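All remarks here apply to the structure that follows.
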Amino acid sequence: MKTKLTQILKQRYYLLFFFSLLVQQTYAQQQITITGKVASSTGEPIPFANVVIKNTKNGAVTDFDGRYKITAASNQTLIFSSQGFKTIEIAINNATTIDASLPEDAMKLDEIVVVGYGSQQKKDLTGAVSLVKADEIQKRQVTTVADGLQGLVTGVKVRGGGRPGQEANIEIRGLKNLQSTNPLYVIDGLVTSANRDFNPNDIETIQVLKDASAAAIYGSRAANGVIIITTKKGKKGPLKVEASAKTSFTSMPRYDLMGTEEFAKFNNQAYDNAGAPRQNLNMAVDTDWQDVVFQNGMINDYNVSVSGGGDNSSFFMSGNYFGNKGTVVGTDFDRISFRVNSSGSKGIFSIGENIAISNSKTDEMSGNPIIDVYRLTPTIPVYDAANPGGYGYGKQGVADTFGTNPLALADFANTINENFRIRGNIWSELKFTPWLKYRFNFGYETSFDSYNFMRKLGNWTLNQPVEKSFINQNKGRSETLLYENTLTFKKAFGKHDLTVLVGQTFQKDNYNQIYGTKRNLLINSGTGSYYDVLDLGDSPEVGGFRNEAALTSYLGRLEYNYDNRYLINAVIRRDGSSRFSDDNKWGNFPSVSAGWRINNESFFKSEFIKDLKLRASYGELGSGNIGNYEYKSFINTFGTVVLGNGQGLYPAATQVRLSNAQLRWEKLKQTNFGLDLGVLNNDLRFTADYFVARTEDVLFGFPILLTTGNDGGNPISNAATVENKGLELELAYSKKINDFSFNASINFTKVNNKLVSLGNGQNQNIQDNTITRAGNAVGMWYVLQTDGLFQNQAEINNYKNADGKVIMPNAKPGDIRFKDINGDGEITNEDKDIVGSPWPEFEMGLNAGAEYKGFDFSMNWIASHGATVYDGFRSVVDRFDDNSNYRRGIQPWTPENPNTDFPRIVKGTTLNSRGDTDRFLESGDFIRLKYIGFGYNIPDSVLKTAGITRARLTISAQNVITISKYKGLDPEFSNSNIFQRGVDNGAFPNLQTYSFGVEFSF
């Protein structure tokens, strides 16, 4: 018995000793203190990130600089998480310093999305809403927000250019009407424009509302889509200073044009073929007009911001300078902007403001040097003392061209536009209960616009009449006042989540302008410069005008969420506009949308699929995008009339523009079906949307006969009906493996537009080489069709119609053969036919990026397929009936060179130079590397001694690779004319841009 007891005591002793060692080891492990920093993949500190010990409730939160301190066992694991980022785990393994880099969660299902007069979680969206990361725009060198959106969002088409201060055209989900296509911009609750005087570096978030249900809360102004921009705000923590500087170098693409020797050969050949005496070409001159006019440009973009905040208040202040020296002589753009955003709260009351001040100045491009560099021949000198002003240009019998000398035009006719703008809003909220709040928002925007045009003495083109010097100055001011009152009820009842919003808004717009002109300006005898003030000239002309408009609206929105499975969103807005008569002033714009989160159903059990949502919506939007007084008659009061026996002169007034009191709202009706899918722990995401949009009662001014008495512009009417159908697809993947993370996404957009009816009793509308006809897309190509070249006289004689009539009896070997479409034996306008569309069949974007430790890489490709475009450059340089320069290396038809598709060249005849043929139509397909960039975040260990929390170096390039068969400067050109969307007639091209930047914060 004693032995057995002794054994038990020994066993207990051993167990006690073992547990003692275990406790000591565990105690030792718990004494390890771990410190580190949590940052984004770009090195930006993440404040208030969670650091939790796995399988425990113990954790810490990072401070404002992203730093943390926690005590844990050496064999445990830390979990790092923050809203908007993916959660990662890192084993401690006895380390005392652990830094975590959190990749962004592209799904961000819990992310708060601004949707207009409120916000929702991304997972609860039922409409077509796209989110754009601000840094995707800010890393590019762009002038406006629209420039930076290209290739990033499905359904959004952007076309811009590289002219200093140029603003890009943006189109959301295709053609909605026959006028402007630019969307509505809302910045911090203010309805405004994100134009060239807005600083893109101030942006915090961007949402693009694409379908009618998402945009319906903005009613009559949202027919072209809505882009909501929220600017940066301060965050709780110590003062934070951020600064960045970026310098970019830009270069212009070049035409491949002839020099003097080659030009003279073909110019003489064209005159010889016409039987005309040759020009007396100046063979001693060999001017490369592109070298004269184009130059390397430079962009400087400097930003600094200061932010901070406490428990109840925050502030953000920023300043920006943006300077763009253009790639064309005499062009320049400068912008200075400042912003102050602040907010504070006390109990149930909170208040804040967002104010931006900017001043932009643009030295505008004079004329169109993109065309003039090939209109001028290489035999013309840049300077010629024999011409008024001393510049070279065309001369009869020597260089018979009416091309403009761009240097002379920039010198003698210069335009300066300057704009000083203040815009912002002040808001306040009363939160009566946790579920009921009232918000008042007052928005204000005013701009002071200055236009200055000076015409000096001197000529720039052949046969230019003598014109006196003069100066024209315009001074204008615009003012917008916005008042908004909203009441929001938001409360959960068990599984039911209900949000109700009601509101009222009023907006008033005013614009007034005065202008004056004086001639025979005085010249400073000491400097030779002109005095640019209106009081130093004669023959004064003055004038002015004022415009006013108002919009009153009532709105409501219902959001219902049952158990995070069934989602319903309904909106109604009623707008009243002063632009319509009393009988048609008001319009109602309803929408409804629904979503089903299948992944939250009890019957749906899948580890592979993490998110699955179906969406459907229908909505109606309006547009009153017309002048302020279109429904009223326009009267000219400057007339006089002779009356009475004495034949005296009396004042008279004449109606010069017909009125249309029946104008009513243009209405867009849109249906959308969508799918959101996330698999592989949401690393792989897929989004699809199909939509049908039909715009009825389209507001447009079609031309009418002057015999009606209308001589004041085309009167507006509710005429056409336009329809769009489209498909949008996006596939994205992101993953982090230890220190390496990468992401890639591809988006696909296909939009087909169709003119359902034209209205006003018209069957079609023809503009130059395009036709808009019911049943077809807008602006289809309507031209003669070519059918090769005649090789000999026998081919000409045998080219007959069914009746045996020779179709082109005046042609000669080497001339173009045109198709006789109607078979009447003649080539006339009746033979024109629809041969192609300027609209692409689809467009795509590819975005990819990777990060490894402190290094990162990103790129953006865009592509367009299926569009047929008109090459205005070739329509000039390949025609030969007029004098211009020619394309280098062409091989025109001659009896010795019959195996070519280039017709014989003849001066003075339009037979082979007609612009209304398919000869100058080309494929508009292209693939372009829009952006590629590299960045490096300097390690914290290097920065600590300097007191800097973050430093980053960047290098990037834009538009450096373009794959296209297009022979013009840029297949990605812009033309704002809806009916001539595919015409490239001297559009300013996108520029190759190389940028170097540095960013730091402390």
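Across the stretch 892-898, coupling constants 3J(HN,Hα) worked out from phi with the 6.51/-1.76/1.60 Karplus curve, θ = phi - 60°, read x, 5, 9, x, 8, 10, x Hz, and Gly and Pro carry x.
Over the Cα atoms of the stretch 112-239, what is the Rg over Rh ratio if Rh follows Kirkwood? Write down the numbers at each step before the final one.
On the way: Rg = 14.5 Å, Rh = 15.1 Å.
Radius of gyration relative to Kirkwood radius: 0.96.
Think of the chain as having a plus end and a minus end, set by charges on the Cβ of Lys, Arg, Asp and Glu; of Gln791, Asn776, Asn599, Asn599 sits farthest toward the positive end of this dipole. Note that the stretch 936-948 has calculated 3J(HN,Hα) couplings of 9, 9, 5, x, 4, 4, 7, 8, 4, 5, 8, x, 9 Hz, one per residue in order, obtained from phi through the Karplus relation 6.51 cos²θ - 1.76 cosθ + 1.60 (θ = phi - 60°); glycine and proline are x.
Between the stretch 488-539 and the stretch 843-889, what's the alpha-carbon centroid distance in Å? The stretch 488-539 and the stretch 843-889 have Cα centres spaced 35 Å from each other. Relative to the longest principal axis of the Cα atoms of the chain, helix 260-274 runs at roughly 50 degrees. Rg then Dmax, both in Å and based on the Cα atoms of the chain: 33.9, 154.
Expressed in nm², what is the orientationally averaged projection area of the convex hull enclosing the Cα positions of the stretch 461-516?
9.4 nm²
If R0 is 30 Å, the Cβ-Cβ spacing of Ser428 and Tyr566 corresponds to a FRET efficiency of close to 0.30.
Sort 364-374, 626-636, 747-757 by the packing proxy (mean of other Cβ within 10 Å over each peptide's residues), most packed first. Let's see the in-between values first.
On the way: 364-374: 22.0, 626-636: 16.3, 747-757: 19.5.
Packing order, densest peptide first, comes out as 364-374, 747-757, 626-636.
Counting neighbouring beta carbons within 10 Å and listing from fewest to most, the residues Met283, Met298, Met780 come out as Met283, Met298, Met780. Applying the Kirkwood pairwise sum to the alpha-carbon positions of the stretch 742-797 produces a hydrodynamic radius of 15.4 angstrom. Normalised by the number of residues in the chain, the average gap of Cα pairs under 8 Å and 6 or more apart makes the relative contact order 10 percent. Separation of the stretch 419-449 from the stretch 31-77 is 38 Å, based on Cα centroids. Under 5 Å between amide hydrogens, built in the peptide plane, is the criterion, and for Arg579 it picks out Ala550 among residues at least 5 positions away or on other chains.
Rounded to the nearest 10 degrees, the inclination of helix 2-30 to the longest alpha-carbon principal axis of the chain is 30 degrees. For the stretch 786-831, what does the alpha-carbon gyration tensor say about shape, rounded, prolate or oblate, given a ≥ b ≥ c as the root eigenvalues, a/c under 1.5 as rounded, and a/b over b/c as prolate? Note, shape of the stretch 786-831 comes out oblate.
Couplings 3J(HN,Hα) for the stretch 566-582, derived from phi with the Karplus relation 6.51 cos²θ - 1.76 cosθ + 1.60 (θ = phi - 60°), are 10, 10, 9, 9, 10, 9, 9, 9, 10, 10, x, 10, 6, 7, 10, 5, 4 Hz, where x marks Gly and Pro. Report, in whole Å, the centroid distance computed from the Cα atoms of the stretch 774-791 and the stretch 81-101. The stretch 774-791 and the stretch 81-101 have Cα centres separated by 63 Å.
Round to the nearest 0.05 the FRET efficiency obtained for Ala848 and Val642 when R0 = 51 Å and r is the Cβ-Cβ distance.
Computed FRET efficiency for Ala848 and Val642: 0.10.
Values in this text are rule-based calculations from the coordinates and carry no lab data. The structure displayed is predicted, hence computed values, not measured ones. So basically every Cβ, Gly included, is an ideal-geometry build from the backbone, and we count neighbours across all protein chains shown.
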